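The values are calculated or read from the model by the stated rules, or taken from the named source; none is laboratory data. Keep in mind that what you see is a predicted model, and the values were worked out from it rather than measured. With ideal geometry, Cβ positions are generated from the backbone for all residues, glycine too; neighbour counts draw on all protein chains shown. Accessible surface is based on the protein model in full, side chains and every heavy atom, while ligands, DNA and RNA are left aside. Shrake-Rupley method; radii C 1.70, N 1.55, O 1.52, S 1.80 Å.
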Amino acid sequence: FSTPWHICDAAIYSIENGKTHYTANQGLFELRREICNYHKRRFQMDYDPNDNVIVTVGGSEGIDIALRALIDPGDEVITMNPSYVAYTPGITLAGGVCVPVELKHEDDFKLLPEALEAAISEKTKVLLINFPSNPTGGVMSHEDYAKLVPIIRDHHLIVISDEIYAELTYDGKFASLAQFDEIKDQVIVINGFSKAFAMTGWRLGYILANPTLIQAMNKIHQYVIMSAPTAAQYGA
């Protein structure tokens, strides 16, 4: 779909009014505030616009800087197989080792607790998930995630949860591991505007995470990106 006109109009208006400079590294405060409002309203997830959000150049940058902030050479990252094509190269470029877990049709392409437990080793640092999934269409419910929470907690895993397809949940209610208070600080949520708002070419995403992780990722973001495109932020 084409981007809705009111989004384009807001971006054009910002350019006409001279809003063509850098924003804060973490993004426009007004946008960060609305991202937090959106997640509270739609998904019952509480975040602070000052400490818990970075606006990124698409969800892809969010995944990249999360991996680079977390991974030391040789650290293992558990991924789903099949998964989005860019995950494994991103892990490799950050110096990590990809450990794929096969998702099966007979399990509705869900991540089962026994499969996760079997993939964990002493070198495991990160679990990278994407539900609703590209390319399988698999969806995890709140009950499905609840079975993974003790494993994630006990093994001190950091979860990178790519939730760019959250609004493409048609049967049931979207669920996130970040909705579980006992592991919320271990979860990095990646989301953006491409899929739900038809803004693929605007290259605008965001990260939600605890302040310590946000500070670490913002160090990388501010030096390699500075800030996400200003007009795109006003449109968002």
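Just a few scattered comments:
- Complete set of residues in the range 1-54 that are closer than 15 Å to Ala228 by Cα and of a type outside the set (A, V, I, L, M): Ser14, Lys19, Thr20, His21, Tyr22, Thr23, Asn25, Gln26, Gly27, Phe29, Glu30, Arg32
- The range 183-230: number of residues that are open to solvent by less than 10 Å² (accessible area, probe 1.4 Å) and β-branched (Val, Ile, Thr): 7
- Residue in the range 208-229 that is free of Cβ contacts under 8 Å to residues at least 60 places away in the same chain, in contact with a Leu (Cβ under 7 Å, 6 or more places away or on another chain) and among the aromatic types (Phe, Trp, Tyr) present: no
- Residue pairs whose Cβ atoms lie under 6 Å apart, sitting 6 or more positions apart in sequence or on different chains, and linking a residue in the range 173-195 that is at pLDDT below 95 to a partner that is surrounded by fewer than 20 Cβ atoms within 10 Å (Cβ to Cβ) and assigned to a strand (DSSP E or B), do not occur here.
- Residues that are under 24 Å from Val99 (Cα atoms) number at least 3 in the following strands (runs of 3 or more DSSP E) confined to the range 119-228: 124-130, 158-162, 187-192.
- Which numbered condition Lys40 misses (of (1) open to solvent by 60 Å² or more (accessible area, probe 1.4 Å); (2) among the basic types (Lys, Arg); (3) under 19 Å from Met199 (Cβ atoms)): (3)
- Matching option when the condition is within 26 Å of Ala175 (Cβ to Cβ), assigned to a strand (DSSP E or B) and touching a residue at least 24 places away in the same chain (Cβ under 8 Å), among Ile35, Ile54: Ile54
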